[in-house]
1. Do we have residue 57 as surrounded by 14 or more Cβ atoms within 10 Å (Cβ to Cβ), at pLDDT below 95, outside any loop (DSSP other than H, G, I, E, B) and in contact with a strand residue (DSSP E or B) (Cβ under 9 Å, 6 or more places away or on another chain) here?
2. Can you find a residue that is in a helix (DSSP H, G or I), out of contact with any helix residue (DSSP H, G or I) (no Cβ under 8 Å at 6 or more places or on another chain), modelled with pLDDT under 95 and over 21 Å from residue 199 (Cβ atoms) anywhere in the range 41-49?
3. Output the residue which, of all residues in the range 22-34 that are out of contact with any helix residue (DSSP H, G or I) (no Cβ under 8 Å at 6 or more places or on another chain) and either crowded, with 20+ Cβ neighbours inside 10 Å or touching a residue at least 24 places away in the same chain (Cβ under 8 Å) (or both), is nearest to residue 155 (Cα to Cα).
4. How many residues, within the range 70-88, are buried (at least 16 other Cβ atoms within 10 Å of the Cβ) and either within 19 Å of residue 195 (Cα to Cα) or out of contact with any strand residue (DSSP E or B) (no Cβ under 8 Å at 6 or more places or on another chain) (or both)?
5. On the basis of being out of contact with any helix residue (DSSP H, G or I) (no Cβ under 7 Å at 6 or more places or on another chain), crowded, with 21+ Cβ neighbours inside 10 Å and within 23 Å of residue 23 (Cβ to Cβ), does residue 91 make the cut?
6. What number of residues in the range 103-156 are part of a loop (DSSP other than H, G, I, E, B) and either touching a residue at least 40 places away in the same chain (Cβ under 8 Å) or closer than 23 Å to residue 8 by Cβ (or both)?
7. When both residues are 6+ apart or on different chains and their Cβ atoms are under 6 Å apart, which pairs have a first residue that lies in the range 172-188 and is more than 13 Å from residue 23 (Cα to Cα), and a second that is at pLDDT 95 or above and part of a strand (DSSP E or B)?
């Protein structure tokens with residue numbers, strides 16, 4: 001795991017850690033409960049996948065929670081919100097033991113790119129839902145999320161933006177490049193037509209969510 005600093009729009013140093021192309025704020029590591037980022041990634045890749053698992057993959061703040069609630073309702077056959085938050089089934093932060101304790105059928109979710117999703121999802125050809133959202137809206141929402149948990153209160157959106165775009169940071173992006181994330185999922189879907197992958201657009205879901213849920 002590499003530790004280094006990125007620079008925000010003010011030129012201020014922002015400590016980060018990186019493993020396998022995933023870049024976290026150093027303050028974000030507390031959510032891993034002492035686990036290293038490498039251990040977390042390995043745990044996700046090699047986790048035991050069940051025959052009825054469903055995986056939702058989306059860039060941070062691209063509609064993961066909304067999609068997770070919809071799919072959970074469809075799986076249960078009831079229009080009731082989940083008691084537990086979607087973070088309870090978030091592969092990026094939960095331990096293998098915590099994920100294993102979730103009762104079936106599980107609706108799992110991750111912000112990892114396509115190459116880091118569980119191997120068992122592919123081997124068992126489980127359902128995958130990829131959600132993408134306009135980069136401008138994603139960046140704004142991601143800024144407010146990070147401001148609540150990871151970055152200084154006085155960091156403005158203008159200061160935050162270079163961390164997302166990679167500008168002045170040698171092409172390094174906080175979390176992962178949005179552009180690479182979306183492009184890799186497009187290529188992954190094209191090259192794995194044997195898999196059950198549904199690609200959704202957040203903005204389209206807003207316009208025709210009833211049509212998408214009903215499948216009409």
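The values are calculated or read from the model by the stated rules, or taken from the named source; none is laboratory data. Bear in mind the structure is a predicted one, so any value in this text is a computation, not a measurement. Every residue, glycine as well, gets a Cβ built from its backbone with ideal geometry; the counts of neighbours run over all protein chains shown.
1. No; evaluated as a whole, the condition is false for this residue.
2. No, the range 41-49 contains no residue that is in a helix (DSSP H, G or I), out of contact with any helix residue (DSSP H, G or I) (no Cβ under 8 Å at 6 or more places or on another chain), modelled with pLDDT under 95 and over 21 Å from residue 199 (Cβ atoms).
3. Ranking the qualifying residues of the range 22-34, first place goes to 23.
4. 3
5. No.
6. 20
7. Every condition considered, the pairs that remain are 182/132; 185/130.
Okay, residues lined up against (1) surrounded by 15 or more Cβ atoms within 10 Å (Cβ to Cβ); (2) at pLDDT below 95; (3) at negative phi:
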| position | (1), (2), (3) |
| --- | --- |
| 112 | yes, no, yes |
| 115 | no, no, yes |
| 131 | yes, no, yes |
| 149 | no, yes, yes |
| 194 | no, yes, yes |
